[in-house]
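See structure below.
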Amino acid sequence: MDLSTIIKNIETVDVLNFKDVDIKGISYNSNTINSHEIFVCLKGEHVDGHDFAQSAFEKGAVALMAEKPLNIEIPQIIVKSTQESIADLAAVFYHNPSHELNLMGVTGTNGKTTVCHLTQKIFEEANKKCALIGTLGYKLSSSSDYLEAKHTTPQAPKMQETLQKILKADVLNVITEVSSHALEQFRVKNCKFSGAIFTNLTQDHLDYHITMENYFHAKAKLFKGLEKGNFAVINNDDKYSKRLIDLIDKEVDVVTYGVKNKSDLMAKNIVFMHDGVSFDCCYKEKTLNFKLHLNGMFSVYNCLAAIGVGLKNSIDLEVIKSALEKTRSVAGRFEIVQTNPMVIVDYAHTPDGLENILRAARELTPKNGNLICLFGCGGNRDCTKRPKMGKIAQQLCDKIVITSDNPRNEDPQQIITDILSGLALINPKTVFVEPDRRLAIKLLKDISTVDDVLVLAGKGHETYQILSDKTIHFDDREEVVKVFKN
């Protein structure tokens, strides 16, 4: 694409050293830039892209997007905010693919990944192709492989590029996770959403948003952008639901779902079983019984959200039922990886998420068995949730093992100390501390019996562990198999 075309379609402060060069790509990483790409000088939490512009030029950049003039003799587009303008640049470069797609976004603290996967299954059961973008990567169908993902929601250039690839593959429906970071950092700016889904809002990411109020307003941006003809699916049992609905344009089609509060779409007569859950799904004048191979109350809520999306896309409730009843757990989401004892791996890394999975696990715990939870908390993240998670784990479990998650640049022992501060009593017979996660998983075998239920929380699908100086391969599921199969 010619640089002149880009300049015509984005808001600029100034243009320096103009020359109508051919732009073949967008980069914001000087280490991976290719020849004939435009380099965008993004300002991050720890580094400033302006400091790497010279390196990008030496490696083949033919133009720059920056917030200030730089002493480099190539065309420079000067903008107020590179973080916002990269989204405009990406939309222009990839020809706004979302305008030709049925793009639906799922946001909330917990449940985004599962709702996306359930929705994809529902569309495919109705013989409609549906692509998925999220924490585990992106894929064109439920049976295809994931492509790598570094963020829950990709950066704007990768997001637009992915949407363009989906469009070129003749897949017209897309369900994507939309994180609060993505909304704040303009990663989905210029994405035209036909629908938005709200799962819940509980404490997380306060290291970034600082307050729950800021966190709420970040999530709300997805819904404030909806227009006439779009739809919203809202968890009516969440305390933020009314505020969110009040922010949505009155001509948007809103469907609420819930278990407790009267909603458009409700689950009633819920029965938890060893191999899943059943409930009556009530919508308008119709009631249909669902028998799922998923566990926990959170699964009921996730299914209701996905059902709402299906209904708003004119998919028959019987078809939706068929899709959900065939669905097994999503990787790393209440995934049972071992029996005798039962070992469950889950991604839960927030107080609410941990409480949800532990309550669900308690339903599966025999009367003569113990519920045991192994967990840690991520480093360089919201530290106020650590004691809360410790308190929840102690209240709901018979034994707990406190270990490391992804400590990053924090001292693992300090993270553990923060967790321990939430405990009412540290009894060495019920509270175990082992900073090395691999050794902690081995410890589980020594403190459990075949009648116990073990929950490994925090990492779920992740196949790595981030330490201070390196990232190593680490998969809770693999470690469980090593310990309990031997």
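Coordinate-derived values only; no laboratory data. All figures in this text were calculated on a predicted structure; none of them were measured in a lab. Cβ sites come from the backbone with ideal geometry, for glycine too, and all protein chains shown count toward neighbours.
Structure shown: which of LYS165/LYS321; LYS112/LYS158; LYS268/LYS321; LYS321/LYS482; LYS59/LYS189 lie over 25 Å apart, alpha-carbon to alpha-carbon? Intermediate values should be presented prior to the final figure.
Numbers: LYS165/LYS321 30 Å; LYS112/LYS158 20 Å; LYS268/LYS321 15 Å; LYS321/LYS482 37 Å; LYS59/LYS189 29 Å.
Cα-Cα > 25 Å for LYS165/LYS321; LYS321/LYS482; LYS59/LYS189; rest within.
Place a +1 charge on the Cβ of each Lys and Arg in segment 1-55 and a -1 charge on the Cβ of each Asp and Glu, then give the dipole magnitude about the Cα centre in debye, rounded to the nearest 20.
100
Mind listing the Cα extents of segment 317-399 along all three principal axes, in Å, largest one first?
44, 35, 20
For SER144 and LYS262 in one chain, what is 0.36 nm times their gap in residues minus the Cα-Cα distance, to one decimal in nm?
On the way: separation 118, 0.36 × 118 = 42.48 nm, distance 3.84 nm.
Full extension from SER144 to LYS262 adds 38.6 nm.
If the cut-off is a Cα-Cα distance under 13 Å, which aspartates and glutamates reach LYS129, setting aside same-chain residues fewer than 8 apart in sequence?
Hits, sequence-local ones excluded: ASP170.
Can you figure out the FRET efficiency of ASN9 with ASN214, using R₀ = 35 Å and their beta-carbon distance, to the nearest 0.05?
0.65
What are the aspartates and glutamates whose alpha-carbon lies under 17 Å from the alpha-carbon of LYS284, with same-chain residues fewer than 8 places away excluded?
ASP253, ASP264, ASP316, GLU318
Given the -39500 (n - 2.57) contribution per DSSP H run of 4+ residues, what per-residue ellipticity at 222 nm results for the chain, rounded to the nearest 500 deg cm²/dmol?
When only DSSP H runs of four or more count, the value is -10000 deg cm²/dmol.
What GluC sites (Glu not before Pro) in segment 45-126 are in a loop by DSSP, with at most 10 other Cβ atoms within 10 Å of the Cβ?
Numbers: sites: GLU45, GLU58, GLU67, GLU73, GLU84, GLU100, GLU124, GLU125; in loops: GLU45, GLU67, GLU73.
Here the sparse-neighbourhood loop sites are GLU45, GLU73.
Under the rule of at least 5 residues apart or a separate chain, name every residue whose amide H is placed under 5 Å from the amide H of VAL106.
The answer is THR176, GLU177, VAL178, ILE197.
Between ALA424 and GLN338, what is the label-to-label distance in nm when each label sits 7 Å out along the Cα-to-Cβ direction?
It works out to 3.0 nm between the two label points.
Cα-based Rg (one decimal) and Dmax (whole number) for the chain, in Å?
Using the Cα atoms of the chain, the pair Rg, Dmax is 23.7, 76 Å.
When Rg is the radius of gyration of the Cα atoms in segment 374-431 and Rh is its Kirkwood radius, what does Rg/Rh come to? Intermediate results must be reported in sequence, preceding the final value.
Details: Rg = 10.6 Å, Rh = 11.2 Å.
Result: Rg/Rh = 0.95.
Can you sort CYS303, CYS116 by how many other beta carbons sit within 10 Å, fewest first?
Going from least to most buried by this count: CYS303, CYS116.
Please report, largest first and rounded to whole Å, the three semi-axes of the ellipsoid equivalent to segment 29-101, where each semi-axis is the square root of five times an eigenvalue of the C-alpha gyration tensor.
Three semi-axes, in Å: 21, 14, 12.
Quick one: divide the alpha-carbon radius of gyration of segment 413-482 by 2.2 N^0.38 Å and tell me what you get.
That ratio works out to 1.22.
Calculate the spin-label point distance for HIS99 paired with THR417, positioning each point 7 Å from the Cα along the beta-carbon direction, and give it in nanometres.
So the two model labels end up 5.6 nm from each other.
Amide H to amide H under 5 Å from LEU374: which residues, 5+ apart in sequence or cross-chain, H placed 1.01 Å off N in plane?
For LEU374, whose amide H was placed from the backbone, the distant partners under 5 Å are VAL401, VAL455, LEU456, ALA457.
Translational diffusion coefficient of segment 344-486 at 4 °C, 1.567 mPa s, Stokes-Einstein with Kirkwood Rh over Cα pairs, in µm²/s as a whole number.
87
Taking chymotrypsin sites (Phe, Trp or Tyr not before Pro) that fall in a DSSP loop and have at most 15 other Cβ atoms within 10 Å as cut points, what is the longest piece of the chain between them?
Looking at the chain, 147-486 is the longest stretch - no exposed chymotrypsin sites (Phe, Trp or Tyr not before Pro) with at most 15 other Cβ atoms within 10 Å.
Check VAL433: other-chain or 5+ apart residues with amide H under 5 Å from its amide H, H built from backbone geometry?
ILE402
With a Förster radius of 25 Å, plug the Cβ-Cβ distance of LYS284 and ASP246 into 1/(1 + (r/R0)^6) and report the FRET value to the nearest 0.05.
Calculated transfer efficiency: 0.55.
Could you tell me the ratio Rg/Rh of segment 97-326? Both radii from Cα atoms, Rh via Kirkwood.
Using only Cα positions, Rg/Rh for segment 97-326 is 0.94.
Roughly speaking, what is the centre-to-centre gap between segment 81-135 and segment 414-486 when only Cα atoms are used, to the nearest Å?
Segment 81-135 and segment 414-486 have Cα centres separated by 34 Å.
Once phi is turned into θ = phi - 60°, what whole-Hz ³J(HN,Hα) does the Karplus curve with 6.51, -1.76 and 1.60 give for every residue of segment 13-20, x standing for Gly and Pro?
Going residue by residue, I get 8, 6, 10, 10, 6, 4, 8, 7 Hz, with x marking Gly and Pro.
Say each of GLU58 and SER314 gets a label point 7 Å from the Cα, pointing the same way as Cα to Cβ; how far apart are those two points in nm?
Each label point lies 7 Å from its Cα, and together they span 5.8 nm.
PRE reach from GLU124 (point 7 Å along Cα→Cβ): which of segment 328-347 fall under 13 Å by backbone N?
328-331
What does the charge dipole of the chain about its Cα centre add up to, to the nearest 20 debye, if the Cβ of each Lys and Arg holds +1 and the Cβ of each Asp and Glu holds -1?
Roughly 1100 debye, rounded to the nearest 20.
From the backbone phi of segment 49-59, what are the Karplus-calculated ³J(HN,Hα) couplings (6.51 cos²θ - 1.76 cosθ + 1.60, θ = phi - 60°) in whole Hz, Gly and Pro given as x?
Whole-Hz 3J(HN,Hα) from phi for segment 49-59: x, 4, 6, 10, 5, 4, 4, 5, 4, 5, 9.
Output the relative contact order of the chain, whole-number percent, from Cα pairs under 8 angstrom with separation of 6+ residues.
10
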